[in-house]
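Novice: Submitted below is the structure of interest, expressed as structure tokens.
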């Protein structure tokens, strides 16, 4: 039930009176009357403001509602009109339902006609748009936009051409192709100009990268966009489409062509070297100077060009590879003129190659990628081969002069009395100079080849010295100089080999075989020492002493052996003064071996009887020889070398067939060359003085000894087969030398054969060591 306004006013008045009564309940509240009035006034104003805002809001809402109502009315009127139109149109189309197929055909014709008209408009616009693209091409900033325009025009052109070619009427196709050919040609011509502009930017990659890197980047973006188009065509099975251009491959080819064009003048200069004859010094320097300019280009290419290309292009390695091919051609041209180049020019080229390879190495290029071809006809091989050939010829000439000078001149004596000749010093000074010159410019193939030539020169040095040693009749001082020189050469060769190995690059370390060359000097020192020993024992007076062993009274009295040892002491004193201490003991051991061999040979050849006095003399001499050589070498060496003397004495004192066989077996261990033939004289001497031994016993003993010897020969693999003939030949030669070329007597030949048989085999003091690092002494 609604309440009237009067009632609401009366209710408000009552509430106001009640509120006043509540506020003024006492007389004291009248004092607060002013404040209460002010409070009521404030609240009244606030209520008025709130009421005004509420009224204004309601007014605005009312206006909006009226506007919406008006719009709804208009929409209803429009909807009513549309329904009327639909009803009218439906009434008109009701008669067209029976002609639906004709309407569909007409619609398709209309669509095709519209499409054809659009294609005609596009074809008609081809020359105009191509001209616009050509005009835009004058500004490099429009390069990418021009490509996009031309790509669309080219697609339209090819599509139109394909449509014309697919037409049914041949005459119509020919007439249309003739009329529209100029349109299509304009597109092709403009695309050709664009490609020419694009490749000119790529070919001038270094200049463009420095002056306008954005232009080079844009050109490469165009190439990459075309690569994407190519990939899409291939994926769609249209790999043979004219729109597929393979610009990335052509881009790299353009870079390579530009590099080749840049190198053409340089290679032209190189080709002229062949006609230059011997006047090549200046030309080679000029060529290498120009080549340096190309090498210097690599840094700006690395800094400016490489960042402009996509990483997948690997453009810097590609450019380096092309540079390398061209520089390889330069080296090949220079190599063809190797005969006309001085060694200094060849070294200049090798030094340039080393600097070039170091420069590429700083850019991270692998060493294998900067190596020049090393085939037999490659320029590098020709240069190195010519240089090594000349060095080998020079070393050979110097070698001949050095060796001839050493063996023709008197040996020098140092402050310690050691004899020497300057050949060893000069030889290795020259070798080190040649290697140092090459090592300063190359640590690879050339240094290795020169090192190999130096090693071969060492071997030739061995051969030249051996030729002089084989000639014989050298003075003792000269032979001592050979020993000292070759000991020194051995040390020098080890230092030379170590220095050369350090100088070689890592890829070539361990490639040089110097073991035989170094060891050859030790072998020559041993041969010189053997020559010293041979000279001592070829002295006629000294050799005559051994011809009286076991067959003279002075031997039995010990005088003969005393003379032998006194002579040896004189020689050993001379050797101690003249020969290097490192080799002196080895020389003393060789004299010990030869002394025992000569003594045993004297007993084998000259003993005529076996008495207690003879056995005592043998034992006495054995002890004296041991005591004498103990002063000069180790005791165990003396015992081992003198073992044949003890075994020979045991054999001569045997008291049964078994004793003879056992002692002979032991003798073969220490002196394997003593054959039963050489024992025949000893067995005969024993039988001649022993009344208990018959000739049958002697034959039995000899037969058993032959069996022992044959068994040993079989087990040794026949290594000593034919030794008797070789011993006889060597004996005859030695005896002839001793007698100044006269024919030796049968007694001398037999004695020399016995000496050769009595020598120890395979472990003598002058045998070659197993390794070159073994120090003599």
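Rule-based calculations on the coordinates, nothing more; no lab input. Just so we're clear, the structure is a prediction, and the values are computed from it rather than from any experiment. Here the Cβ is made from the backbone with ideal geometry for all residues, glycine too, and neighbour counts use every protein chain on show.
Novice: Can you give me the Cα centroid spacing of the stretch 287-355 and the stretch 25-51 in angstrom?
Specialist: Measuring centre to centre over Cα atoms gives 106 Å.
Novice: By per-residue mean of other Cβ atoms within 10 Å, what is the highest-first order of 599-609, 248-258?
Specialist: 599-609, 248-258
Novice: Let me ask something additional. Order these by the 10 Å Cβ neighbour count, fewest first: 651, 294.
Specialist: 294, 651
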